[in-house]
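Quick one: the structure is below, and I'll ask about it shortly.
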Amino acid sequence: MAATATLAASVRSRRPALTAFRKAVTRKPGRIIGLAIIVFFILLAICGPWFYGRLAVDPNSLYAAPSAKHWLGTDFAGSDVLQEVVTGGRYVLATAALSALFTSLFGVTIGLVAGYQRGLTDSALMRLTDFVLTIPGLPLLIILSTVWNFGSPWKMGLVLGVTGWGGVARAVRSQALSLRERGFLEAARGLGLSRRHILLKEMLPNVAPYAAMQLMLSMIAFIGAEVGLFFLGLVPFSSTNWGVMLNQAVFSGGAMETPSALIYLLAPLVCILVLTLGIVLFLDAIDELFNPRLRERV
Amino acid sequence: MTAFARRLAGKLAAGLVMVWVVVTFTFFLVHALPGKPGDVQYEQYIQSGMNAEQAAAKVKAIYGYTSHDSMLSQYGGYLGKLLHGDLGQSISYSGVPVSHLIWAALPWTVIPVLSGLLVSFLIGVTAGVVAAVRRSSRWGGLLTVSGSLFAGVPAFVLALLLLVVFHTEWNLLPDAGTSDIQYDPGWNLPYIGSVVQHAVLPVCAYALLSYGGWLLAMKSSVVSVLGDDFILASELRGIAPVTRARYIGRNAILPLFTVLALSFGVMFAGSFFIEDTFDYPGLGDLLLKSIGTRDYPVMAGAFLLITVSIIIANILADLCYTLIDPRVRR
Amino acid sequence: MSEVEVRDLTVEYQTSVGWLPAVAGASLDLRAGQITGLVGESGSGKSTLALSLLNAVPAPGRIAGGTIEVAGVGDLTRLGGKQLRKARGGAIGYVFQASQNSLNPLKTIGRQLLDLGRSHEVGDLRALIARAKDLANRMGLDGDRVLDSYQHELSGGMRQRVGIVFALVLNAKVLILDEPTTALDMLSQASVLDIVRKVHDENQLSTLIITHDIGAISEIADRLAVMYGGRIVEDGPLLEVLRRPTHPYTKALIGATARITGDVDGARALPGRPPDLTTVARAGCVFRDRCPFAVEVCAQTEPELHSFDSERRRACHVEPSTVLTGTTGTPAAVGEPA
């Protein structure tokens, strides 16, 4: 057991990684802002809906301008826009988180096993990965939407995960191969560790941060895809959602022609924009940890 | 046989296998769709007074097979029709071959996509060079963030924002369609002018969509080339700055061919949102409309075409790379 | 007569704790017609010194003081722009080590020679190519074939010879070779050294060879300079330095090399680690931590590089004879007199 500990420590010890991470995040103000944005949206998704009960509709004020009562005004049916944004955020983020969960489940497993086994298993798994990467994800999702109803975050997350794990698998495999090249596996095998132990206890912690970076990248794409499917009107509107808001605003609410409806249209757009910006700014820090070449000179 | 021809043959073979896999996948996908589309169609024809033979022939014309055949012969019939370039017939436009619908839609996707790709390539690559050379400065950092942002923001956000700014707010450009209806389609100046005017926003949306990818790829490529030994060597030999810039540029642009293939995928995905937002009658719009009307042959045909285009784009990008890089060419 | 005179050269790098010297007060002459070997461990500042001879210290670094007089060009540290560019390659040729890819992978060697010629505004490009082929042929290459090749079609040893062609084709009188024998097997090492000696003699050059391999350099150099912690600690005619090292570091370096002592069992590793920018001593002698002869004054005053024979210089507080005979409290780990 002691031997295991030293082996793990020799590649990356836990604590210094955390310190390096904190250093990388705090080195630029943009990265702190990015982290803050992400935390803000997560809090919004978790706590936001507590402040609102059921969606209150005020049929007397349609497309009302922002006021003390309705901070962002109301939509075409008299619902409070801020309330819709907040409750819609929960679906968007829950789906993104679930799809990330499924993606990492498939992607990390397949990438790790391919990188560990090599040979026939590797080439078979990589063929499969190539295939998943070649099939254009969005058209497939659009067609699948005729077969399945993925209105709930679970189903949507599963579908996104099943179609979107290719990139993560590739990244994890290349990372696993580089661990191999550094003689990491030979050392672990030499110590007589079981395959299960090597995969889960030795390799997984080493590829995890890199996989996390890939996951955040694919999460951006997932958010785009899920909101987009609602925007295109391909998924039944079972819940409030930024995509539903956009669809209603553009295709039935006439927001393009009604100046007073502009906020209703812009609110979800700005949310997506800011959330993307947050992830992008934050990724910059993680990227620096992995690409020393991009690191600026001291 | 030269190494290049061997590589070309290998790539083509791999591409063909991939196409075959996708075709098979599409076949079974349509099969898995609810309510067995072929059977429903068959029932409808029977109800409208056709006899069993006529109805079966009609269904066969649309799908390439009937569900009375065995699975294998259905698959064979589908493959056989595809080999003749026959994608079946549309249901909602009764009797119109799917290939006609696709041919009509294709230019409205391909031309804006290619124009957008060209614009974004020029801007993105230039910005990428600046971002790489000035990577320690504030402006370089901002450029990089702009690249990541545009690479991450979904296409419909870009399209809608463009629409809000240039149509709703400033009313500079039209919001929908390919041209104003008062002009007769054809080679006359007012019509072409109107088409160009209507194409501005979609092309901008496509350009913004792929700008980030070019910028990020070019930046990391330039950063890596700048660190190469031969760049320092050329400086120590007193090579003129213009020549050195050419060395850097040509070496840095090479890996971008992989991005080109990637961009096609992003663009096709974006075409759904962009064509939907601007009501543009391209391939994405065709696929979306076929979903709405459950026009399965059109759905399968458009999906197949998009996938095959991406496979071909991948092969072409790889070949370009091979032609330019002497290390692979040999 | 010296082709290159380096005086009091200081090169600094910017680090998180401020500007730190990688080369401190170095003075060195490259004499016409002689091969000078510059040896030191990695991190000793020898590569930085070599790059600064072209006024090409990489980005977070700068030449903070001193002069580099090159015959026919002037003080390189004061040159800039086009003059500096022309001096690089035109007056001083620099050859990368064999494992490095010093050529544009996308262009043939011949086209890159033309780029070089145009950059230096050579009038007769045909003559330039002819001279390049001649140089290549003399080094045992097939000139015509090599000029039509891409870099990836050449072996490490061939690339290096092509590097020498590039360095000399503009008639530079000073040749700098960075680790010419690293990454080559023993046979190629010997042939590269022979070739360097040959082109050196044929073209009447002043040559500087940077290496960590004191064994290889001892076979062709005329003079030897030893660097440690950014300082030149000893220099002089090769044989004299090898036979009678007067700096403890030089002595330890020679002791660690079986090829020179001729006795594998007698070869001793140097204890301790070489310093880097941040760990090098700020006051006193930079070698004192690893020095078996260190006395009290070594911790306080940095020894100056001073002449002590007609042809030799050393930077040490301890008497040359003491170092040579090694009588003072020598730890067993450091090389005993050979």
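The values are calculated or read from the model by the stated rules, or taken from the named source; none is laboratory data. These numbers come from a predicted model, not from an experiment. Glycine also receives a Cβ, built like all others from the backbone with ideal geometry; neighbour counts cover every protein chain displayed.
Would you check if B:A300 is part of a helix (DSSP H, G or I), of a type in the set (G, A, S) and free of Cβ contacts under 8 Å to residues at least 12 places away in the same chain?
No.
Specify which of the listed residues (A:L125, A:L185, A:L105) is modelled with pLDDT of 85 or more, more than 27 Å from B:N314 (Cβ to Cβ) and either surrounded by fewer than 20 Cβ atoms within 10 Å (Cβ to Cβ) or not β-branched (V, I, T) (or both).
None of the others qualify; the one that does is A:L105.
Looking for whichever is part of a loop (DSSP other than H, G, I, E, B), buried (at least 23 other Cβ atoms within 10 Å of the Cβ) and of a type in the set (A, V, I, L, M) here; the options are C:L184, C:L103, C:L177. Which one fits?
Exactly one residue qualifies, and that residue is C:L103.
For the condition within 11 Å of another protein chain (Cβ to nearest Cβ) and without any contact (Cβ under 8 Å) to a residue 24 or more places away in the chain, what is the one hit in B:I310, B:I306, B:I291?
On inspection, the qualifying residue turns out to be B:I291.
Okay, residues lined up against (1) at pLDDT 85 or above; (2) surrounded by fewer than 16 Cβ atoms within 10 Å (Cβ to Cβ):
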{"site": "C:I210", "(1), (2)": "yes, no"}
{"site": "C:I214", "(1), (2)": "yes, no"}
{"site": "C:S218", "(1), (2)": "yes, no"}
{"site": "C:L224", "(1), (2)": "yes, no"}
{"site": "C:A258", "(1), (2)": "no, yes"}
{"site": "C:P274", "(1), (2)": "no, no"}
{"site": "C:R282", "(1), (2)": "no, yes"}
{"site": "C:C285", "(1), (2)": "yes, no"}
{"site": "C:D289", "(1), (2)": "no, no"}
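Let me ask something additional. C:L49: in a strand (DSSP E or B), of a type outside the set (D, E, K, R) and buried (at least 24 other Cβ atoms within 10 Å of the Cβ), yes or no?
no
Sticking with this structure for a sec: Take the range A:132-168 and flag every residue that is surrounded by fewer than 22 Cβ atoms within 10 Å (Cβ to Cβ), away from chain B (no Cβ under 12 Å) and of a type in the set (F, W, Y).
Once the filter is applied, which keeps residues that are surrounded by fewer than 22 Cβ atoms within 10 Å (Cβ to Cβ), away from chain B (no Cβ under 12 Å) and of a type in the set (F, W, Y), the range A:132-168 yields only A:W154.
Can you tell which of B:S90, B:S137 is surrounded by fewer than 17 Cβ atoms within 10 Å (Cβ to Cβ) and of a type in the set (S, T, N, Q)?
Residue meeting the stated conditions: B:S137.
Check off (1) under 20 Å from the mean Cα position of the chain (by Cα); (2) within 14 Å of chain B (Cβ to nearest Cβ); (3) more than 22 Å from B:L288 (Cβ to Cβ) for A:A212 and give me the number that stays unchecked.
Going through the list (1) under 20 Å from the mean Cα position of the chain (by Cα); (2) within 14 Å of chain B (Cβ to nearest Cβ); (3) more than 22 Å from B:L288 (Cβ to Cβ), A:A212 breaks only (2).
Going by the conditions given, is B:A217 within 14 Å of chain C (Cβ to nearest Cβ) and among the small types (G, A, S)?
Against the criterion (within 14 Å of chain C (Cβ to nearest Cβ) and among the small types (G, A, S)), B:A217 does not qualify.
Of all residues in the range C:109-146, count the ones that are within 8 Å of another protein chain (Cβ to nearest Cβ) and either within 26 Å of the chain's Cα centre (by Cα) or among the β-branched types (V, I, T) (or both).
Counting residues in the range C:109-146 that are within 8 Å of another protein chain (Cβ to nearest Cβ) and either within 26 Å of the chain's Cα centre (by Cα) or among the β-branched types (V, I, T) (or both) gives 2.
Which condition does C:D142 not pass, out of (1) closer than 28 Å to C:L187 by Cβ; (2) surrounded by 19 or more Cβ atoms within 10 Å (Cβ to Cβ); (3) modelled with pLDDT of 90 or more; (4) not polar (S, T, N, Q), if it passes all the others?
(2)
Does C:G143 count as of a type in the set (G, A, S), farther than 29 Å from B:I324 by Cα and in contact with a helix residue (DSSP H, G or I) (Cβ under 9 Å, 6 or more places away or on another chain)?
Judged against the criteria, C:G143 is not a match.
Looking only at the range C:1-23, count every residue that is loosely packed, with under 15 Cβ neighbours inside 10 Å and among the acidic types (D, E) and tell me the total.
Looking only at that region, the number is 1.
Determine which member of the set B:V242, B:V196, B:V222 is free of Cβ contacts under 8 Å to residues at least 60 places away in the same chain and either in contact with a Lys or Arg (Cβ under 8 Å, 6 or more places away or on another chain) or more than 14 Å from chain C (Cβ to nearest Cβ) (or both). It would help to see each step written out before you state the result.
Numbers: B:V242 fails: either in contact with a Lys or Arg (Cβ under 8 Å, 6 or more places away or on another chain) or more than 14 Å from chain C (Cβ to nearest Cβ) (or both); B:V222 fails: free of Cβ contacts under 8 Å to residues at least 60 places away in the same chain.
Result of the check over B:V242, B:V196, B:V222: B:V196.
Something else about it: Looking at (1) part of a strand (DSSP E or B); (2) modelled with pLDDT under 90; (3) not hydroxyl-bearing (S, T, Y), which is the one condition that is false for C:M158?
In the conditions (1) part of a strand (DSSP E or B); (2) modelled with pLDDT under 90; (3) not hydroxyl-bearing (S, T, Y), C:M158 misses (1) alone.
Here is a check on your reading of the model: is C:A26 away from chain A (no Cβ under 14 Å), surrounded by 23 or more Cβ atoms within 10 Å (Cβ to Cβ) and at pLDDT below 90?
Criteria met by C:A26.
Collect the residues in the range B:245-264 that are within 10 Å of the chain's Cα centre (by Cα) and surrounded by fewer than 22 Cβ atoms within 10 Å (Cβ to Cβ), keeping them in residue-number order.
Scanning the range B:245-264 gives B:A261, B:L262.
Let me ask something else about it. Return the only residue of B:Y211, B:Y206, B:Y247 being part of a helix (DSSP H, G or I), of a type outside the set (A, V, I, L, M) and within 11 Å of chain C (Cβ to nearest Cβ).
Answer to the selection: B:Y247.
Follow-up. May I ask you to list the residues in the range B:294-303 that are more than 9 Å from chain A (Cβ to nearest Cβ) and charged (D, E, K, R)?
Passing the criteria: only B:D295.
Restricting the search to the range B:281-309, which residues are within 15 Å of the chain's Cα centre (by Cα) and crowded, with 24+ Cβ neighbours inside 10 Å?
Scanning the range B:281-309 gives B:G282, B:L283, B:G284, B:L286, B:L287, B:G301, B:A302, B:F303, B:I306, B:T307.
Could you list all residues from the range B:220-244 that are assigned to a loop (DSSP other than H, G, I, E, B) and more than 36 Å from the chain's Cα centre (by Cα)?
B:R237, B:G238, B:I239, B:A240
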